[in-house]
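Colleague: Below is the structure I would like to discuss, written out as structure tokens.
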Amino acid sequence: MKDKIRFVDYCTSTADGSVRFDCCTCFSYNRDTMDVTKNSSEYRKLPSVDELLRTEQIRQLLPRYPRSLVVEAIRDALRKARERIAKGLPAADRDTIIQFVNGFLTEKSKMSLRPAINATGIIIHTGLGRAVLSKRAIDALFAIAAGHSLLEIDPVTGRRSSRQKHVENLLTELTGAESALVVNNNAGAVMLVVNSLAFEKEVVISRGQLVEIGGSFRMPDIIRQAGGRLVEVGTTNRTRITDYEQAINQNTGLILRCHPSNFKIIGFVEETPLEDLVRLGRNFGVAVVDDVGSGLLVDVARFGLEHEPTVQESIRTGADLVTFSGDKLLGAGQAGIIAGREDLLRICRNNPLARALRIDKLSLAVLESTLRIYREGDPIAEIPVLAAISRPLAEIERQARNLARAINRQHIHDIQARVIKVRSEIGGGALPGQELESFGVALKSDRFDAEDISEHFRGYEPPIFGRILRDTFVLDMRTVAPHEARQILGCVQTLQP
Ligand SMILES: *Cc1c(COP(=O)(O)O)cnc(C)c1O
């Protein structure tokens, strides 16, 4: 579609009615009209691989890149040059071919996992790396990555100790739980709990909570894979305490509650409150596990959001174990946290699966430093996830206006930047259906459609991700830092029709 538009644009712009083809995409529509025979001499003008390898410019590349990669780059450049000839273009000169070679090598040596700009308005975006870390966490990460550390050693006795020690007390203090255990991620935490407490036993869960959470976490699959026997109770929209009660027998391993963290059922809905499940569990001697997902430690009601259960509330209500992620609303790195009863956690710790799901030292450094902010710092100001949620609307609007003005001042083709009201989401399976008012910059143009603009932004360095709303490309400013706004301006400037 895009090629066709460009082709038409090009043709109508030629004054004498003849068609010039120096754009390869245009040409593909008119290949038949070309005289192919006269191109054969063009192929002969291309240098050979060996000739190119002997040039000064290519020889300069050899200390920087493996020879095999340089040869691959030359072959790729020559292939491109031949393709251009096949399309009726003259043979590329040597400098152009060497430019291709350089482009290929630059592209190949770029990091694949590299920074990007999130202008989607989704604060915890799994595709874009979930939580951005605090300054404190980054410092801790650097320090631990750069050298040896006290990961599993006690400096007082000189003896081996547990990596869990670094966060255990912080977690019990912050959540009110008796004990805590940290693993690789929350999917791992749920798996470890089910495997430790309900292997070949029944796991009772409401039909309304058999959820799938982004990144292929499917509750029924996790339970089965962990060796639990899934017992669904109630219905999709209503599950009562009696449904649970009837399901409990001597084979019951645990009652699992899962926070339906990325969707919301509205209307005729009833889920059994945690306190009722706790009472039932105590009567029958069955553990109640609450997978809260997002790991919220502060009340978000003060930011105009609906109440979302915090980990502390779940512990206070009496859940035997609570599981949650480190890199969602908690604002740390990837981790899965299990907080609750020491006797149950001891079983989890002794499970060989705990070793397989062990948290890495870098995530641990990030987690400890982030938890310290909750205890000793100012989480709303210091933790980027919470700062993004609580960011004043006036500040977001100001940033949107500044960027729109800067874009319009540049007169880039027919691009018109306009400030519009948008709604940001929390994302990451937290606070589903709840949105925050925000401001975005919408890019309007007759020459570029929204898909073209979006593709251009994704291809920029750093790649920039926005949203398409009603056929318009929009950049939500809530998750964009001021220095990133400057990069967005740079990206608009490089738009080519
Ligand atoms: C996100 C989520 C998970 C999975 O957590 P990861 O840290 O991504 O493994 C599990 N349960 C719930 C309720 C979640 O929201």
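The values are calculated or read from the model by the stated rules, or taken from the named source; none is laboratory data. Everything numeric here is computed off the predicted structure, so don't read it as measured data. As a convention, Cβ positions derive from the backbone with ideal geometry for all residues, glycine included, and neighbour counts pool all protein chains shown. For the accessible areas, the whole protein counts, side chains as well, though only heavy atoms, and no ligand, DNA or RNA atoms are used. Shrake-Rupley method; radii C 1.70, N 1.55, O 1.52, S 1.80 Å.
Colleague: Those residues that are closer than 13 Å to S48 by Cα and either surrounded by 19 or more Cβ atoms within 10 Å (Cβ to Cβ) or modelled with pLDDT of 95 or more (or both), I need them from the stretch 93-102; list them, please.
Modeller: We begin by selecting, within the stretch 93-102, every residue closer than 13 Å to S48 by Cα; these are 93-94, 97-98.
Residues satisfying the conditions are I97, I98.
Colleague: Right, another one. Within the stretch 263-304, restricting attention to residues that are closer than 17 Å to D243 by Cα and charged (D, E, K, R), which residue is most open to solvent (accessible area, probe 1.4 Å)?
Modeller: Going through the qualifying residues, I end up with R282.
Colleague: Can I ask one more? Could you please let me know if G281 is away from the ligand (no atom under 15 Å from the Cβ), at pLDDT 90 or above, over 23 Å from I426 (Cα atoms) and within 32 Å of the chain's Cα centre (by Cα)?
Modeller: Working: away from the ligand (no atom under 15 Å from the Cβ): yes; at pLDDT 90 or above: yes; over 23 Å from I426 (Cα atoms): yes; within 32 Å of the chain's Cα centre (by Cα): no.
Spelling it out, it is not the case that G281 is away from the ligand (no atom under 15 Å from the Cβ), at pLDDT 90 or above, over 23 Å from I426 (Cα atoms) and within 32 Å of the chain's Cα centre (by Cα).
Colleague: Give me the pairs: first residue in the stretch 173-198 and closer than 21 Å to L151 by Cα and in contact (Cβ under 8 Å) with a residue 24 or more places away in the chain, second residue open to solvent by 10 Å² or more (accessible area, probe 1.4 Å) and of a type in the set (V, I, T), beta-carbon distance under 7 Å, and six or more apart or on different chains, which are they?
Modeller: Cβ pairs passing all conditions: S179/T172; A180/T172.
Colleague: Name the single residue, out of those in the stretch 406-428 being free of Cβ contacts under 8 Å to residues at least 12 places away in the same chain and closer than 19 Å to P482 by Cα, that is farthest from the ligand (Cβ to nearest atom). Steps first, answer last, please.
Modeller: First pass over the stretch 406-428, keeping only residues free of Cβ contacts under 8 Å to residues at least 12 places away in the same chain: 408-409, 411.
This time we only want the ones that are closer than 19 Å to P482 by Cα, so: 408-409.
Values: N408: 40, R409: 43 Å.
Filtering the stretch 406-428 for residues that are free of Cβ contacts under 8 Å to residues at least 12 places away in the same chain and closer than 19 Å to P482 by Cα, the one farthest from the ligand (Cβ to nearest atom) comes out as R409.
Colleague: Identify all residues within the stretch 329-365 that are within 16 Å of the ligand (Cβ to nearest atom), open to solvent by 10 Å² or more (accessible area, probe 1.4 Å) and of a type outside the set (A, V, I, L, M, F, W, C); write none if there are none.
Modeller: Residues satisfying the conditions are G333, Q334, R358, D360, S363.
Colleague: When you scan the stretch 468-492, how many residues do you find that are in contact (Cβ under 8 Å) with a residue 40 or more places away in the chain, of a type in the set (A, V, I, L, M) and outside any helix (DSSP H, G or I)?
Modeller: Let us first name the residues in the stretch 468-492 that are in contact (Cβ under 8 Å) with a residue 40 or more places away in the chain, namely 469, 474-480, 482, 484-485, 487-489, 492.
If we keep only those that are of a type in the set (A, V, I, L, M) too, we end up with 469, 474-475, 477, 480, 485, 488-489, 492.
Among the residues that remain, those that are also outside any helix (DSSP H, G or I) are: 469, 474-475, 480.
Number of matching residues: 4.
Colleague: Name the one entry in T239, T235 that is assigned by TED's automatic domain parsing to the domain that holds I315 and open to solvent by less than 10 Å² (accessible area, probe 1.4 Å). Walk me through how you get there before you give the answer.
Modeller: On the way: T235 fails: open to solvent by less than 10 Å² (accessible area, probe 1.4 Å).
That would be T239, the only listed residue that is assigned by TED's automatic domain parsing to the domain that holds I315 and open to solvent by less than 10 Å² (accessible area, probe 1.4 Å).
Colleague: Still on this model: For the stretch 82-92, enumerate the residues that are within 43 Å of the chain's Cα centre (by Cα) and either farther than 16 Å from V49 by Cβ or acidic (D, E) (or both).
Modeller: The first filter runs over the stretch 82-92 and keeps only residues within 43 Å of the chain's Cα centre (by Cα), leaving 82-87, 89, 92.
Residues satisfying the conditions are E83, R84, I85, A86, K87, L89.
Colleague: Specify the residue that is farthest from the ligand (Cβ to nearest atom); the eligible residues are those in the stretch 117-159 that are open to solvent by 50 Å² or more (accessible area, probe 1.4 Å) and hydroxyl-bearing (S, T, Y).
Modeller: Per the criteria, the residue is T157.
Colleague: Which one is surrounded by the most Cβ atoms within 10 Å (Cβ to Cβ) among residues in the stretch 366-381 that are in contact (Cβ under 8 Å) with a residue 60 or more places away in the chain and either over 16 Å from G295 (Cβ atoms) or of a type in the set (K, R) (or both)? Walk me through how you get there before you give the answer.
Modeller: Here is the first cut: in the stretch 366-381, the ones in contact (Cβ under 8 Å) with a residue 60 or more places away in the chain are 366-375, 377, 379-380.
Narrowing further to those that are either over 16 Å from G295 (Cβ atoms) or of a type in the set (K, R) (or both): 372, 375, 377.
On the way: R372: 18, R375: 11, G377: 15.
Step by step, filter the stretch 366-381, then rank; the result is R372.
Colleague: Among the numbered criteria (1) touching a Ser or Thr at 6+ places or on another chain (Cβ under 7 Å); (2) without any contact (Cβ under 8 Å) to a residue 12 or more places away in the chain, which single criterion is violated by P352?
Modeller: (1)
Colleague: Ok, one more. Filter the stretch 49-64 down to the residues that are of a type in the set (S, T, N, Q) and open to solvent by 50 Å² or more (accessible area, probe 1.4 Å), then identify the one that is farthest from T96 (Cα to Cα). Write out each step before concluding.
Modeller: Narrowing the stretch 49-64 to residues of a type in the set (S, T, N, Q): 55, 57, 60.
So of that shortlist, the ones also open to solvent by 50 Å² or more (accessible area, probe 1.4 Å) come out as 57, 60.
Working: Q57: 12, Q60: 16 Å.
Filtering first and then ranking leaves Q60.
Colleague: Counting only residues that are of a type in the set (K, R) and within 16 Å of Q99 (Cα to Cα), which one in the stretch 65-87 is most open to solvent (accessible area, probe 1.4 Å)? Please lay out each step first, then the result.
Modeller: Taking the stretch 65-87 and keeping what is of a type in the set (K, R), we get 67, 75, 79-80, 82, 84, 87.
Then drop every residue that is not within 16 Å of Q99 (Cα to Cα), which leaves 75, 79-80, 82, 84.
Details: R75: 142, R79: 112, K80: 77, R82: 111, R84: 82 Å².
That would be R75.
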